[in-house]
Amino acid sequence: MKKLIVANWKMKPNSLKEAKKNFDTVKKVASRMSKVETIICPPFVYLSSLPRVTLGKPKGNPWLGVQNIFWEETGSYTGEISVSMVKNLGVKYAIIGHSERRKHLQETDEMVNKKIKVALNNDMKVILCIGESERDINSNYLYFLKDEIAKGLNGVPRKFFKNIIIAYEPIWAIGKKGKDANRPENVMQISIYIRRILFGIVGKELSKNIPILYGGSVEPENAKNLLTEGGVQGFLVGHASLVPKSFNKILQIAQNIK
Ligand code: PGA
């Protein structure tokens, strides 16, 4: 399985000029990678200036992704963006259920579920974000994670599971630097746990091919250990993806892993 490295630019950078520069710098490296799929998820407003489409089809390395999508396909929903609008620009991936949206915009598991279904129905690949806000001694966070996966994927037809990616992003590890980041052994335990949950939902054949990503303070300094010892198939990268030099280093590390 190729490694998947996803850049989540969040609400940055502030100018189109910077966005283009960032994108082009990453593209130069990403386009040479044979073992890594790179996905860049900029804010919506920049998408049309960074199109990735040839002959009506999305183009990869880097692929384009969005950080959110609305659950209806069209209609009177002021301020929202539909799947077909972004698909026409060559967007192939959608991050859905990021913890910052769940927290600041009160996005619920039910909304996440509807968004996942509309994206899948339109042939997009979905990156479902899950993650606990803290760990407790009674392991309630494990039930919480199970719930987020089960509710997010509730009613999703089996045929769509080939387009599902799970991103495990413990909220307590997001946006930090260096020593406060997650440890590979922690990530390994949770990736096994997630795989077991997926096994319970769709069985062995489908669940074994679902990529599990880790997100939360991924940087060039910890990328190699997390990839080799964390049991994950890639990353969702926040702050380090806004520094093209750092992001390119992470791509290179993923490419060099045996
Ligand atoms: P971070 O963000 O890499 O800055 O921790 C990850 C994310 O929120 O997707």
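Numbers at a glance
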quantity: Residue count for the range 9-28, restricted to those that are open to solvent by less than 20 Å² (accessible area, probe 1.4 Å) and either away from the ligand (no atom under 16 Å from the Cβ) or more than 16 Å from Val243 (Cβ to Cβ) (or both); calculated: 2
quantity: Pair list, Cβ < 6 Å and 6+ apart or interchain, from the range 201-224 residues that are more than 12 Å from Lys176 (Cβ to Cβ) to residues that are within 11 Å of the ligand (Cβ to nearest atom) and of a type in the set (Val, Ile, Thr); calculated: Pro220/Ile250; Ala223/Ile250
quantity: Residues located in the range 225-258, provided they are without any contact (Cβ under 8 Å) to a residue 60 or more places away in the chain, over 18 Å from Pro13 (Cβ atoms) and part of a helix (DSSP H, G or I); calculated: Asn225, Leu226, Thr228, Glu229, Lys249, Ile253, Asn256
quantity: Any pair with Cβ under 9 angstrom, 6 or more apart, that starts in the range 78-91 at a residue that is open to solvent by 70 Å² or more (accessible area, probe 1.4 Å) and ends at one that is part of a helix (DSSP H, G or I) and of a type in the set (A, V, I, L, M, F, W, C); calculated: Met85/Phe44; Met85/Leu47
quantity: Residue within the range 186-208 that is in contact with an Asp or Glu (Cβ under 7 Å, 6 or more places away or on another chain), over 22 Å from Cys41 (Cβ atoms) and assigned to a helix (DSSP H, G or I) present; calculated: yes
quantity: Condition met for Ile127 (in contact (Cβ under 8 Å) with a residue 60 or more places away in the chain and open to solvent by 20 Å² or more (accessible area, probe 1.4 Å)); calculated: no
quantity: Considering residues of the range 160-191 that are touching a helix residue (DSSP H, G or I) at 6+ places or on another chain (Cβ under 9 Å), open to solvent by 50 Å² or more (accessible area, probe 1.4 Å) and away from the ligand (no atom under 15 Å from the Cβ) only, the residue nearest to Leu213 (Cα to Cα); calculated: Met188
quantity: Qualifying residues in the range 201-225 (those that are in contact with a strand residue (DSSP E or B) (Cβ under 6 Å, 6 or more places away or on another chain), more than 11 Å from the ligand (Cβ to nearest atom) and open to solvent by less than 10 Å² (accessible area, probe 1.4 Å)) - the one farthest from Ile39 (Cα to Cα); calculated: Ile210
quantity: Checking Lys245 against (1) surrounded by fewer than 19 Cβ atoms within 10 Å (Cβ to Cβ); (2) touching a Phe, Trp or Tyr at 6+ places or on another chain (Cβ under 6 Å); (3) closer than 24 Å to Lys20 by Cα, the condition it does not meet; calculated: (2)
quantity: Residue match in the range 67-84 (condition: touching a Leu at 6+ places or on another chain (Cβ under 7 Å) and either closer than 18 Å to Ile165 by Cα or not basic (Lys, Arg) (or both)); calculated: no
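Per-residue answers, yes or no, for (1) under 23 Å from Asn14 (Cβ atoms); (2) touching a Lys or Arg at 6+ places or on another chain (Cβ under 8 Å):
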{"residue": "Val53", "(1), (2)": "no, yes"}
{"residue": "Gly75", "(1), (2)": "no, no"}
{"residue": "Gly79", "(1), (2)": "yes, no"}
{"residue": "Val86", "(1), (2)": "yes, no"}
{"residue": "Arg102", "(1), (2)": "no, no"}
{"residue": "Glu107", "(1), (2)": "no, yes"}
{"residue": "Lys114", "(1), (2)": "no, no"}
{"residue": "Leu120", "(1), (2)": "no, no"}
{"residue": "Tyr141", "(1), (2)": "no, yes"}
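The values are calculated or read from the model by the stated rules, or taken from the named source; none is laboratory data. Source: prediction; values computed, not measured. Cβ atoms come from the backbone with ideal geometry, glycine included; neighbour counts cover every protein chain shown. Quick note on the areas: whole protein, heavy atoms, side chains included, nothing else; ligands and nucleic acids left out. Shrake-Rupley method; radii C 1.70, N 1.55, O 1.52, S 1.80 Å.
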